[in-house]
Amino acid sequence: MKYRTMKLKEIADCNLRDKNAESPIRLPDIQRGLVWKPRQVELLWDSLLCGYPIGVLMIIGDELFDGQQRVDAIIKGYDIAGISEKEIPESILWLDLDFEKTESRYYGFRMTTKSHPWGYPADGGTYPIKERREAMSWAGIDGGTPKDAWDIRRFRPYKSTCAVPFAIIMDALYRGEAMPVSEDERRDIFAGSVLDKFSDFVSEYPNAEMPDINHVEERCRELYGDLSKIMRYEVLECRMDIAKDDLQKLELFFNRINTGGTPITQEELAYSAIKLYWKENDIARINGRIAASCMSEERFAQIVFRTYCSKENIRGEISAKDIRKLRDEFESENGNSESKDVVKNILDAYDHDGAILVALQRQVDDWLVGDALPCYVRTEIAYKEPALYVLLFTLARFVYEKSVQVCLSDEYVRALALYVYCCCEKRNRVKTVQYLYKNICRCKNRIVNEAVVSELLCDCILDGLAEMPHPNVCDFVGFRPETLSKEWNIDKYCEEPYGRSVCHMFNYDPNGRQMMLLKVAEHDAFTAFFPGYNPARRDLWDETNRPWDDDHIVPKNWIAYGGKWKMFCERIIWSMGNFAHIPFEKNREKSDRNDWTFYEEGENAENLHFDADMKNLTAESLSDETGVKCMAELIIGRFCKLYGAFVTVLKPLGLGLKLNPALVARKQILCELRNRLRGFSDAKFYYVADGRKGREVCFDVDEEFGWMQQWVLVGVKNEMKDGLDCVTIGYCTDGRTYAVETGIRKNPDKDFSDMDRKEWWVLCDDRDCKRFETEDKDLDGLCKNVIDWVAKESYWRMESADK
């Protein structure tokens, strides 16, 4: 190892990213992107001006392996071009010359960014909306001006009194450094130079709240002694003696030095390994270019590698170790042929400037981004459910390679992705995706059409992995006026037909999948309000940076007026029907007043599904039953509109509209049994609902929802035995078998708690249920076998077939 020191100016002059530029250090491909927050940049400069050490820069050859975030922060302080060029800068580092030191800071460094041009409080967090509006007023920015058009040079850090762009100060410091003059003369040169530059800056971006020019000059003279120390500050540089072709040692070193500071994720480590082991294939550049509009580079690389590494099941997260192993197998003469093929396919995908991957991503965009969905939906799926994105990428690969004939419309795939993402419980979502993937990949010699996929989705519903959307939620039993009482709770209706889907979507959860309801139903509003929002940047997902806020349409503070209905009001007000995505500033401006002006502007009422009758609500109206129920009906009505818009996007799936052949056969068997079993002419059909009560729900023969449940029975009440004489048939998607049971089970109005759990079901024989295979697809023969078995094993005699 060799050590030397670098002055800050030498570091600031480095061009880290341009490989063609002359620079003593540059970034290796293995490095991740910028991750430091503004506060970290501010504190680094506070440390530099205080003379504190900031650690060692680790360099191998001419590549910076540790210190990227610190070097970039140093460069920001010298970036005079960033505040003088025509292009709007991403950020500006300021120094408040009047700053009074605190327990955590000695100097007043402040950073402003495009997302927060007013800066951040020194003690952390963000400024409230009132102070943001004040900062906008100072900058002469009209609230109607799109945020993307704001020039952050018109702002200054909020609550600063003498803030100057620090690059102006640094530029002025070095002007008198080489002159053979006295210290006092250098002070004069410095102060005059700052004054000239800052005067030009103020005239270019006029702002009444900028500090007085003469005061700036005075403070510069006073602080010159402290500021001049920057020119003498040196950073220790350590040059490591590691061969660049010793890739495993480089990877190990990089992983080890990144265990502190801002934690590096396994996904980032894997991407670093990809860039390290395949840098000659230019994967990093191609990957970054394609990913820029849809997701982070490391996530896109994961999607690509998982797609090509998956076989019968979707591969889990790819680690750095996996990347190294693939490379070793690929380069070894005795390497695994399967791994070699995988790597070859990946390299082919990145070949020709990533032409294949561009095509695959474009296909996914055609499916997920359009008139029905904002682009945010595609990116959210990639981040929150990457296995589902891999499934979509695999379908796109089939389309591109023509290895499987995929006949799915854009509307169908869009509905499929949205359905799996929103209508499967968290613990079952990956199982659903894996089931679809495994069965679709088996269709090598068969067309993958909408009927095939819909049958697979039907299996998932039968297995309880997915929920069935309500076709007309306005008719849901939990929303009927007679059910609205002080004790009302939507979760009580979870076991009603379609109840799981409705209850899941009804309750507000800021991190839940039901938030997609707003993105879909309010698509036109979302697109109009936030046209410049780039969902690919994860830092813009944070509540402090994203442009929208989840607005309570009826303010939550009104709950205090609910009296005896307070609990009911809380359940209604915290439902999805009472939320909308609107611009952050508009929500905070509205506060808890009954002011719905924004909801009535232009097309907002239609796009946000706003009911004009909401204007008649007041906080005081929630003090009596009539007002409370009026509010509830309006919010539930809006939820029904949102849910209806959501279900409209899912319509191409045809869920519940057509049973698959195996379910048709089961329906035929049970209808035949009702007709032929003696004494069963008055029998009814029931499905077994989920839940600890094991509840049987009666349904009509024409209700498709009932026939799509896993366990269905036909039975007639046995008053003497207080039970239900019945035949129950369960459809098991694993192996496509029927499980048939016949005997006496508890009455539908009984719960398990009303009886001994062991006595609730008495089979007609001593064996477990009879299983009938459906693999041969001879459904007519299957029907005959089941009916014959029931006739032989059951208590009840069969009427003649001629009846």
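The values are calculated or read from the model by the stated rules, or taken from the named source; none is laboratory data. The model shown is predicted, which means the values in this text are computed figures rather than measured ones. All Cβ positions, glycine included, derive from the backbone under ideal geometry; neighbour counts span all protein chains shown. SASA here: full protein model, heavy atoms, side chains in, ligands and nucleic acids out. Shrake-Rupley method; radii C 1.70, N 1.55, O 1.52, S 1.80 Å.
Structure notes:
- Filtered by the rule that a residue be over 25 Å from Ala12 (Cα atoms) and either open to solvent by 40 Å² or more (accessible area, probe 1.4 Å) or not in a loop (DSSP other than H, G, I, E, B) (or both), region 160-187 gives Thr161, Val181, Ser182, Asp184, Glu185.
- Residue-level check: of (1) touching a Lys or Arg at 6+ places or on another chain (Cβ under 6 Å); (2) at pLDDT 90 or above; (3) crowded, with 21+ Cβ neighbours inside 10 Å, Tyr277 misses just (2).
- Hey, Gly192 at positive phi, more than 30 Å from the chain's Cα centre (by Cα) and either at pLDDT below 85 or open to solvent by less than 30 Å² (accessible area, probe 1.4 Å) (or both) or not: no
- Restricting region 440-453 to residues that are assigned to a helix (DSSP H, G or I) and open to solvent by 30 Å² or more (accessible area, probe 1.4 Å), the residue that is nearest to Cys732 (Cα to Cα): Ala451
- Selected residue (criterion: surrounded by the most Cβ atoms within 10 Å (Cβ to Cβ)) from residues of region 758-803 that are basic (Lys, Arg) and either within 16 Å of Phe680 (Cα to Cα) or modelled with pLDDT of 80 or more (or both): Lys770
- Scanning region 109-139 for residues that are within 12 Å of Ser160 (Cβ to Cβ), open to solvent by 30 Å² or more (accessible area, probe 1.4 Å) and not in a loop (DSSP other than H, G, I, E, B) yields one hit, Trp138.
- Residue check: Asp613 meets all listed conditions (1) open to solvent by less than 30 Å² (accessible area, probe 1.4 Å); (2) at pLDDT 90 or above; (3) assigned to a helix (DSSP H, G or I) but one, namely (1).
- Screening region 406-439 for residues that are more than 17 Å from Thr307 (Cα to Cα) and touching a Ser or Thr at 6+ places or on another chain (Cβ under 8 Å) and picking the one that is surrounded by the most Cβ atoms within 10 Å (Cβ to Cβ) gives Cys423.
- Checking each residue in region 158-173 for being in contact with a helix residue (DSSP H, G or I) (Cβ under 7 Å, 6 or more places away or on another chain) and in contact (Cβ under 8 Å) with a residue 60 or more places away in the chain picks out Cys162, Val164, Pro165, Phe166, Ala167, Ile168, Ile169, Met170, Asp171.
- Scanning region 464-491 for residues that are of a type outside the set (Phe, Trp, Tyr), part of a helix (DSSP H, G or I) and buried (at least 18 other Cβ atoms within 10 Å of the Cβ) returns Val473, Gly478, Ile490.
- Elements of the type helices (runs of 4 or more DSSP H) sitting completely within region 508-575 and holding at least 3 residues that are surrounded by fewer than 20 Cβ atoms within 10 Å (Cβ to Cβ): these cover 523-529, 566-573.
- With respect to the conditions (1) within 29 Å of Thr379 (Cβ to Cβ); (2) in a helix (DSSP H, G or I); (3) without any contact (Cβ under 8 Å) to a residue 24 or more places away in the chain; (4) among the small types (Gly, Ala, Ser), Ala349 falls short on a single one, namely (3).
- Top-ranked residue of region 77-103 - restricted to ones that are within 24 Å of Gly55 (Cβ to Cβ) and either β-branched (Val, Ile, Thr) or in contact with a helix residue (DSSP H, G or I) (Cβ under 6 Å, 6 or more places away or on another chain) (or both), ranked as modelled with the lowest pLDDT: Thr102
- Of the criteria (1) without any contact (Cβ under 8 Å) to a residue 60 or more places away in the chain; (2) surrounded by 18 or more Cβ atoms within 10 Å (Cβ to Cβ), which one Cys671 fails: (2)
- Selection count where residues are without any contact (Cβ under 8 Å) to a residue 60 or more places away in the chain, open to solvent by 50 Å² or more (accessible area, probe 1.4 Å) and under 30 Å from the mean Cα position of the chain (by Cα), scope region 576-601: 5
- Verdict on Ala73 being surrounded by fewer than 17 Cβ atoms within 10 Å (Cβ to Cβ) and assigned to a helix (DSSP H, G or I): no
- Test result for Tyr106, surrounded by fewer than 21 Cβ atoms within 10 Å (Cβ to Cβ), under 21 Å from Cys162 (Cβ atoms) and touching a Cys at 6+ places or on another chain (Cβ under 6 Å): yes
- For region 35-44, taking the residues that are in contact (Cβ under 8 Å) with a residue 24 or more places away in the chain and out of contact with any helix residue (DSSP H, G or I) (no Cβ under 6 Å at 6 or more places or on another chain), the one that is most open to solvent (accessible area, probe 1.4 Å) is identified as Arg39.
- Residue satisfying condition, being assigned to a helix (DSSP H, G or I), basic (Lys, Arg), buried (at least 20 other Cβ atoms within 10 Å of the Cβ) and at pLDDT 95 or above, within set Arg327, Arg306, Arg378: Arg306
- Test set (1) in contact with a Cys (Cβ under 7 Å, 6 or more places away or on another chain); (2) open to solvent by 50 Å² or more (accessible area, probe 1.4 Å); (3) among the acidic types (Asp, Glu) - Asp96 fails condition number: (2)
- A single member of Gly335, Gly370 is part of a loop (DSSP other than H, G, I, E, B) and either of a type in the set (Phe, Trp, Tyr) or in contact with a Lys or Arg (Cβ under 8 Å, 6 or more places away or on another chain) (or both), and it is Gly370.
- Residues of region 50-68 satisfying the condition of being assigned to a helix (DSSP H, G or I) and buried (at least 19 other Cβ atoms within 10 Å of the Cβ): Gln68
- Residue in region 215-236 that is modelled with pLDDT under 85, in a helix (DSSP H, G or I) and on the phi < 0 side of the Ramachandran plot present: no
- Filter result (more than 19 Å from Phe579 (Cα to Cα) and either modelled with pLDDT under 85 or in a helix (DSSP H, G or I) (or both)) within region 492-507: Lys492, Tyr493, Glu495, Gly499, Arg500
- Scanning region 310-324 for residues that are assigned to a helix (DSSP H, G or I) and either surrounded by fewer than 19 Cβ atoms within 10 Å (Cβ to Cβ) or among the charged types (D, E, K, R) (or both) yields Lys321, Asp322, Arg324.
- Some residue of region 255-267 being over 20 Å from the mean Cα position of the chain (by Cα) and at pLDDT 90 or above: no
- Remark: pairs (first residue in region 473-487, modelled with pLDDT of 90 or more; second residue among the small types (Gly, Ala, Ser); Cβ separation under 7 Å; 6+ apart in sequence or on different chains) = Val473/Gly644; Leu484/Ala632.
- Evaluated against (1) under 21 Å from Glu467 (Cα atoms); (2) at pLDDT below 90, Thr648 falls short on exactly one condition, (2).
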